Protein chains: 2
Amino acid sequence: MTTMSTIPQVEQDLYPTRKGTEAALLYRRDPVVWGDAADGPMDAATLASYDENGFLSVDPLITPDEVERYRGELRRLSEDTALRADERVVVEPESDELRSVFEVHKISDVFAELVTDPRVLDRARQILGSEVYVHQSRVNFKPGFGGNGFYWHSDFETWHAEDGMPRMRACSFSIALTPNYDYNGALMIMPGAHKTYVSCMGETPDDHYRVSLKNQEIGTPDRGSLSLLADKHGIAQLTGPAGAATIFDCNCMHGSNGNITPFPRSNVFIVFNSVENACVDPFSAGKPRPTFIGARDFTPVR
Amino acid sequence: MTTMSTIPQVEQDLYPTRKGTEAALLYRRDPVVWGDAADGPMDAATLASYDENGFLSVDPLITPDEVERYRGELRRLSEDTALRADERVVVEPESDELRSVFEVHKISDVFAELVTDPRVLDRARQILGSEVYVHQSRVNFKPGFGGNGFYWHSDFETWHAEDGMPRMRACSFSIALTPNYDYNGALMIMPGAHKTYVSCMGETPDDHYRVSLKNQEIGTPDRGSLSLLADKHGIAQLTGPAGAATIFDCNCMHGSNGNITPFPRSNVFIVFNSVENACVDPFSAGKPRPTFIGARDFTPVR
């Protein structure tokens, strides 16, 4: 395993953003894969492809029976009217339909199991080359008939600016609970763009998360940078059946289009961060976001 | 050729819609293909597939040099600030970018050539089994970085309700001037759904076209009907290179998602109607729409 000690542990900001200056493209200063083939279930070729593209698919990651069980739990959550008042629940601006439930591994015992599932956890540890903790978890509902898209962004840019995540040593699992077609707003990633960091313009307003979870503007890359990256790397759209998973690097440039089809899209999303990369003070915000969005408890998952 | 005389020519409304009543699914009462293989460039199998699916692709319809010429003309139109004041020009609500230019075959000599081009005209005549005239023409710009989608609709429903088109005997040519990927808002069609007519709820307000060209609500199918049709027919997304064309029936259930990618999408769109199906008074509106949207001059193209 590569450990943090092989990289100078400095407190300087390697990934400046939202400093009010112009947008800039910066080199990534961190590895993408921190472990190796001996550390977990993925072979060297799989890890090499993750390193190159910034993502990989596992199809299936969970069985059809498990998909049904998780979908049942999703229905239960979406019908739980008491939950609507919970600050961890986000609704679609226009339709008032459920969009996301954060910290779902703490709200739901059913989803809690996924976090410790070896199919998930062993892969996270292997990629990050260390013990890991959950930085964020959520379920996303993307309703049909006009559900909104998510504009292009790097998760790391936000986690660095607003949560104080120092380095790029985190990865996300998106496990599909409905089919992802090429026409219902599937995840799009620019393959390879995770090795470039897009420093964004603007400054983080107070309590930015209340707006950004619904419709982010600050912390989104400028059009010039996006055009450069899309021309160089192209766009991969991640389609697949329910039960498949996409694992992607924290600095992937990703987004999704809206969805006018009748087919909704739901997934579970779990972010693991290395315990050697625990969050410090935010790099470009007054105070950290609430812990249901960016955890401050760095206890390893076991 | 099948001629109109084989179907009773009655003035009754075979396709009621927007009568303030509930939504309903009705059978199509008209053929899809009115000519046969002897009448034009398409063979019997091609026509049979058009009959079954309601659309077909011609790839390529025009050459790369022609694509370049039309793209140059598009740029000229989009840079013509005087044109912005023309009522035939529609701009994107949020960004003020050009969305459509109607009656483009009258505004632009370059695009006028397409209407009489035998690769286009002979196919239109063959499908409609008669001489044809242009009911509508336009170029569409779908900007990247968040261009809006078009919600599901049947063009015929609007042309019947607002323009007085009596029967389903019209077809549209969409000629791509930029690549249509599966992630930049390509045309989606429910294959086979053109044989079902979705009668819509609501009533047409005065001057509805001023709103509906930007963001249509009246004349859009209800969610129940869309779910039934999508479950039965599925969704085809029409991707392909610049220069390819999609020909589709007037009653196709179609739409498109938004487009957050940097890749814009532009096309030329020409609607031919049979001269034997000339428009009468609107079936569900006070007065016909302006002639740049729905022609009242039924002179055959020659």
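The values are calculated or read from the model by the stated rules, or taken from the named source; none is laboratory data. Because the structure is predicted, anything quoted here is derived from the model rather than measured. Note that we place each Cβ from the backbone using ideal geometry, even for glycine, and neighbour counts take in every protein chain shown. For accessibility, only protein heavy atoms count, side chains too; no ligands or nucleic acids. Shrake-Rupley method; radii C 1.70, N 1.55, O 1.52, S 1.80 Å.
Could you grab me the full set of residues in segment A:263-285 that are within 14 Å of chain B (Cβ to nearest Cβ) and either in contact with a strand residue (DSSP E or B) (Cβ under 9 Å, 6 or more places away or on another chain) or open to solvent by less than 10 Å² (accessible area, probe 1.4 Å) (or both)? Correct list: A:PRO264, A:ARG265.
Could you please give the count of residues in segment B:209-253 that are at pLDDT below 95, open to solvent by 30 Å² or more (accessible area, probe 1.4 Å) and away from chain A (no Cβ under 14 Å)? Here the count works out to 5. Note on segment B:81-113: among residues that are at pLDDT 95 or above and of a type in the set (Gly, Ala, Ser), the one that is nearest to the chain's Cα centre (by Cα) is B:ALA112. Residues of segment B:114-137 being in contact with a helix residue (DSSP H, G or I) (Cβ under 8 Å, 6 or more places away or on another chain) and open to solvent by 40 Å² or more (accessible area, probe 1.4 Å), which ones? B:ARG125, B:GLU131, listed by residue number. A count restricted to segment A:49-69 and to residues that are exposed (fewer than 12 other Cβ atoms within 10 Å of the Cβ) and of a type in the set (Ser, Thr, Tyr) stands at 1.
Taking A:VAL67 as the residue in question, decide whether it is under 24 Å from A:PHE150 (Cβ atoms), β-branched (Val, Ile, Thr) and touching a strand residue (DSSP E or B) at 6+ places or on another chain (Cβ under 6 Å). Show your work before the answer.
On the way: under 24 Å from A:PHE150 (Cβ atoms): yes; β-branched (Val, Ile, Thr): yes; touching a strand residue (DSSP E or B) at 6+ places or on another chain (Cβ under 6 Å): no.
No: the conditions fail for A:VAL67.
Residue-level analysis places B:TYR181 outside the set of residues that are facing chain A (nearest Cβ under 10 Å), touching a Gly at 6+ places or on another chain (Cβ under 9 Å) and among the hydroxyl-bearing types (Ser, Thr, Tyr). Contact map, segment B:31-51: residues that are closer than 21 Å to B:PRO166 by Cβ paired with residues that are open to solvent by 70 Å² or more (accessible area, probe 1.4 Å) and not in a helix (DSSP H, G or I), Cβ distance under 7 Å, separation 6+ or inter-chain. Pairs shown: B:TRP34/B:MET1; B:GLY35/B:MET1.
Do we have B:GLY72 as open to solvent by less than 40 Å² (accessible area, probe 1.4 Å) and part of a helix (DSSP H, G or I) here? Answer is yes for this residue. Note on segment B:63-120: residues that are over 25 Å from B:ALA295 (Cα atoms) and of a type in the set (S, T, N, Q) amount to 3. Put simply, of B:PHE111, B:PHE150, B:PHE156, B:PHE141 the only residue that is more than 14 Å from chain A (Cβ to nearest Cβ) and open to solvent by 10 Å² or more (accessible area, probe 1.4 Å) is B:PHE141. Selection within segment B:38-48: residues that are closer than 22 Å to B:HIS254 by Cβ and either among the hydroxyl-bearing types (Ser, Thr, Tyr) or outside any helix (DSSP H, G or I) (or both). The member of this set that is most open to solvent (accessible area, probe 1.4 Å) is B:THR46. The residues on offer are B:LEU77, B:LEU98, B:LEU83, and the sole one that is open to solvent by less than 40 Å² (accessible area, probe 1.4 Å), touching a residue at least 24 places away in the same chain (Cβ under 8 Å) and under 30 Å from A:HIS254 (Cβ atoms) is B:LEU98. Under the condition of being within 20 Å of B:ASN277 (Cα to Cα) and small (Gly, Ala, Ser), the residues counted in segment B:21-39 number 1.
Remark: A:GLY35 matches the filter, which requires a residue to be open to solvent by less than 50 Å² (accessible area, probe 1.4 Å), at pLDDT 95 or above and over 27 Å from A:VAL110 (Cα atoms).
Residues that are within 21 Å of A:ALA48 (Cα to Cα) and either within 14 Å of chain B (Cβ to nearest Cβ) or part of a loop (DSSP other than H, G, I, E, B) (or both) within segment A:114-130 comprise A:GLY129, A:SER130, listed in sequence order.
Residues in segment B:131-149 that are under 20 Å from B:VAL67 (Cβ atoms) and not in a strand (DSSP E or B): B:PRO143, B:GLY144. Screening B:SER78 against (1) at pLDDT 95 or above; (2) in a helix (DSSP H, G or I) leaves a single unmet condition, (1).
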